[in-house]
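Working notes, structure below.
The values are calculated or read from the model by the stated rules, or taken from the named source; none is laboratory data. Treat the numbers as computed from the prediction; the structure is a model and nothing was measured. Please note: Cβ atoms are built from the backbone with ideal geometry, for glycine as well, and neighbour counts cover all protein chains shown. Protein only, heavy atoms only, side chains kept; ligands, DNA and RNA dropped before computing areas. Shrake-Rupley method; radii C 1.70, N 1.55, O 1.52, S 1.80 Å.
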Amino acid sequence: MSYPYQIKSFDEYKEAYQKSIEDPAAFWADIAQHFTWRKKWDTTLNWNFTEPKVEWFKGGKLNITENCLDRHIATKGNQPALLWEPNAPDEHNRTLTYSMLLEKVCQFAHVLKNNGVKKGDRVCIYMGMIPELAIAILACARIGAIHSVVFGGFSAQSISDRLQDAQAEFIVTCDGAYRGAKDIPLKNVIDDALIGNKTVKRVIVCTRTRIPVSMIKGRDVWWEEEMKLVEEAGITFIEAEEMDAEDPLFILYTSGSTGKPKGVVHTCGGYMIYTNYSFVNVFQYKEGQVHFCTADIGWITGHSYIVYGPLSAGAISLMFEGVPTWPNAGRFWDVIDKYKVNIFYTAPTAIRSLMGFGLEPLQGKNLSSLQILGTVGEPINEEAWHWYDENAGKKKCPIVDTWWQTENGGILISNLAGITPSKPSWATLPLPGLQMTLVDENGKEVFAEGDETVSGNLCIKAPWPSILRTTYGDHERCRLNYFATYPNMYFTGDGALRDKDGFYRITGRVDDVLNVSGHRIGTAEVENAINMHAGVVESAVVGYPHDIKGQGIYAYVIFNGKGINEALAKKDILQTVTRIIGAIAKPDKIQFVSGLPKTRSGKIMRRILRKIAEGEINNLGDTSTLLDPGVVEEIKNGKI
Ligand code: WT7
C-alpha cells in the first residue's frame, strides 16, 4: 500500500502545512479520496466553535473496518495485521493475518448481533490486552455499535459510572487479565459494577486466566461458546454496516477538572482519516515495518496507534499484554529483538523507570531493527530523551515527541520522523491542518518579540478531522470544557512555549488535572474518592514533580477525631481510592492536617498547597487573603 499523502521532506511539510491552512476542506478532501467510501461525502467541512458544531465529510458513507480490513485482503490477506506477545515470555505468541482478523471480526460481529446488539448501541469493553480486545472493538465498528473501552485498571465504581453515563446495555469482558506478576479478576469487578444496574442485558466473557467466575443465568455468556455457534454455522463474513462519516464510532472516558469523567465522542470518518494520516506521517510508516505501541488499548493511544491508525494503513501492529519490568526490566528489549520491531512508541514514564535499572537489561538484546522511536503522554525531560536516543536508538533513530489528547483523536504536534527537525523535550511543529496558538489569560494571542520564546495557554483555532464532537449525553459540558474559556478556540488545558522557529514545548496542564505516568487524573476526582472514606472531613489534592511518574499525587487530608493511627488511616484511604477509581489514582503522599488554607470566601488556595508539595515552602507568595494564615505554618511543618 502506498501513501500518496506521506510527506517526504521538510519542504513538502511546509507546502502541505500552507495548503492545509489556506484551504482545509480541499486539503483533507484530497487525502480522504484515498480511502474506501460507499458514497462520497456532500460537504467536506462545516463548523463553528460557538455551539460547538463540527462536521467532516458529512453525507459520506463508509465503514471504518472496511478500511482497516477488507481493503487490504487482496494485496496482503496473508500478511500479519496483529502480532501478539503474551504477558509471560514462555507462553505462545499469536499472529493474526488480515484475513484471519477480518474473519474473527465478522464472526464476533455476528455474536454481538445474536446477543441483541444493534447499530448505535453502546458496548462497554473491559478486557486485558489480548487480540480479542481488538476483535471486539472492530466487531462493534463493523455493525455500527459504539464501543466504550474502559481500562482494565479502573474499579467497579468507575465502570458503573461509565456504564450509567453511556446507558450501555452490553459488556464484553474477560474472566481475568494478566499484567506482570498480577492476575486481575476482571469479571468479578464487572459483577460488582453491575450490582443495582438495570440497564445491562448481556455480558460476554472471554477466557484468559481461567480463574473461577460466576456466570449469571440469562445475563452472562461465554465468548468461546458464542463464537462456536457462529463457526459451526459456517459463517465467516458479515456485510459492514453503512455508517455516516459523522456517526459516532466510540466513546472514551477521560478526566477533567470536575469530579466526573467525560465521555469523549469520536466519529467514523474524520477519526479514520486523521489517525491514518498522522500514523503514516509522524512515524513515516513503510510497507512491512513492525510497529510497536506499548500503550494499553484502554487509552486513546492504543485506540489510535495499535488499532485504527496502523490497521487502516495496512501495517503490522504489535500488541503486548505485559509490562516493561516483568519478569525483568529487559522485557521491552526482548520483545523488540524477538519481533524485529522497527517503530517503538512508548511513554516517558516507561523510559524513566527503565533508566533506573541501568544498562544491564539491554545487554545481549539486538535492537538493530529499530528505525524510529516515539514518546507520548507527558513531557519528556532531556535526560530521558538522551538515554532513549543513546541506548534504544543507538543515536541512529529519530525520536518523535508526540503531543495530543484523548479529545484530539490523533497526534497534533510532533516532528515527522527523520523529515522535520527534532529538538529534545520539544514536541516541535503542528501537523498539517493544525492552527495552534498561544493566548494569555484574557484570551489574547501572544507573539514573540524578535527571537524570543513566548509562553501561553495552548489553543487551536480551527477543527481538524478527529476533534471530539461532543461529550456523550451532555453537549453543554463539551462547550464549557473546551470552547468557552476563549471564544472561537479549542482550549487544550495545557501551557506551552513557542520558540522563534515556531516549535512548541508543552509545559504541562494549567488546570486542576494531573498527569501521572502519562495518565490523566482530575484532582477533584481523587478528592471525591478520598472524601468517601468515613473518617475524612475534607481533602485537597495537588500534583508534585515525581522522578519517574512525571507527576505524583499529594493529598492533604483533614481526618475526623483525635489520636488517629496515621499509618492505618493512610492505608484505609488508599484502599478507598482504589475502590472508587482504581489503583492508578492512589496518592503517593498523604499529609494529615487540621485545616486547609482558604480564602475568606471559602475557596481552597491550591497554589499554596502546590508550592508546599513541590518543596518550595519559603516562596509561597501572597498569603494575606487567607482566612487563617496559621494553617499554612502547620502544613509547612508537617510536610512529607
Ligand atoms: C495530556 C493528554 C493522547 C496521549 C496520551 C495522553 C499531556 C500528552 C504529551 C507530550 C507533553 C503531553 C498533555 C495533554 N501530553 N502528550 N508529548 N508532551 N505533554 O492522553 O490522557 O488525553 O492526556 O497529556 O498534558 O493535555 P490524555
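A Förster radius of 51 Å, combined with the Cβ-Cβ distance separating LEU626 from ASP547, puts the computed FRET efficiency at roughly 0.95.
Per the Cα gyration tensor, the chain maps to an equivalent ellipsoid with semi-axes of 37, 31, 25 Å, ordered largest to smallest.
To the nearest 0.05, what FRET efficiency results for LYS603 and THR36 with a Förster distance of 35 Å applied to their C-beta separation? The formula returns an efficiency of 0.05 here. Restriction of the GluC sites (Glu not before Pro) in the range 19-95 to DSSP coil positions whose beta-carbon has at most 12 other beta-carbons within 10 angstrom yields GLU91. What you get for the chain, charging only the Cβ of Lys and Arg (+1) and of Asp and Glu (-1), is a dipole of about 760 debye around the Cα centre.
Given a 1.4 Å probe and the protein chains as shown, ARG520 ends up with an accessible area of around 50 Å². Using a probe of 1.4 Å, the accessible surface attributed to ILE211 totals some 50 Å² when neighbouring protein chains are kept in position. The Cα center of the range 302-379 and the Cα center of the range 113-156 differ in position by 25 Å. For VAL537, the shell of other residues with beta-carbons less than 14 Å away shows a net charge of 0, using +1 for Lys and Arg and -1 for Asp and Glu. Taking a point 7 Å out from the Cα of GLU91 in the direction of its Cβ, the residues of the range 178-205 whose backbone N falls within less than 17 Å of it are 178-188, 205. On a per residue basis, the range 510-640 carries 47 Å² of accessible surface, using protein heavy atoms and a 1.4 Å probe.
Over the range 95-241, the hull volume per residue, using the convex hull of the C-alpha atoms, is 106 Å³. Taking all protein chains into account, the per residue accessible area for the range 1-73 stands at 47 Å² (1.4 Å probe).
Mean separation of Cα pairs under 8 Å and 6+ residues apart, divided by the residue count of the chain: what relative contact order is that in percent? Reported as a whole number, the value is 13 percent.
Within the range 530-550, find all residues whose amide N lies under 17 Å from a label point positioned 7 Å from the Cα of LEU362 along Cα-to-beta-carbon. No residue qualifies, since no backbone N sits under 17 Å from the label point. The 3J(HN,Hα) values that the Karplus relation (6.51, -1.76, 1.60; θ = phi - 60°) gives for the range 337-347 are, in residue order, 5, 4, 9, 6, 5, 9, 10, 10, 10, 9, 9 Hz. Gly and Pro appear as x. Taken along the Cα-to-beta-carbon direction at a fixed 7 Å, the label points for GLU224 and GLU242 span 4.0 nm.
Its DSSP H runs of at least 4 residues, each contributing -39,500 (n - 2.57), put the calculated 222 nm mean residue ellipticity of the chain at -8000 deg cm²/dmol, to the nearest 500. Of the listed residues HIS533, HIS147, the order by accessible area with a 1.4 Å probe, largest first, is HIS533, HIS147.
Sparsely packed loop sites in the range 122-222 (the trypsin sites (Lys or Arg not before Pro) outside DSSP H, G, I, E and B with at most 16 other Cβ atoms within 10 Å) comprise LYS198, LYS201, ARG210, LYS217, ARG219.
Surface composition of the chain: carbon and sulfur atoms hold 50% of the protein heavy-atom accessible area at a 1.4 Å probe.
Taking trypsin sites (Lys or Arg not before Pro) across the range 379-478, the ones in a DSSP loop with at most 14 further Cβ atoms lying within 10 angstrom of their Cβ are LYS394, LYS395, LYS396, LYS444. Remark: the ALA181-VAL446 segment gains 90.4 nm on full extension, using 0.36 nm per residue and subtracting the alpha carbon distance.
Once the Cα-Cα distance is subtracted from the 0.36 nm per residue extended length, the ILE640 to SER9 segment shows a gain of 222.1 nm. Across the chain, the longest run free of exposed loop sites, meaning chymotrypsin sites (Phe, Trp or Tyr not before Pro) lying outside DSSP classes H, G, I, E and B with no more than 14 other Cβ atoms within 10 Å, spans 1-236. The modelled label-to-label distance between LYS338 and VAL537, using points 7 Å beyond Cα along the C-beta direction, is 5.4 nm. Accessible surface area normalised per residue over the range 95-241 is 38 Å², counting heavy atoms of protein chains with a 1.4 Å rolling probe.
Beta bridges from DSSP with both residues in the range 513-637: antiparallel share about 75 percent, rounded to the nearest 5.
Evaluated at q = 0.11 Å⁻¹, a Debye calculation over the C-alpha positions of the range 513-637 (equal weights, vacuum) places log10 I(q)/I(0) at -0.36.
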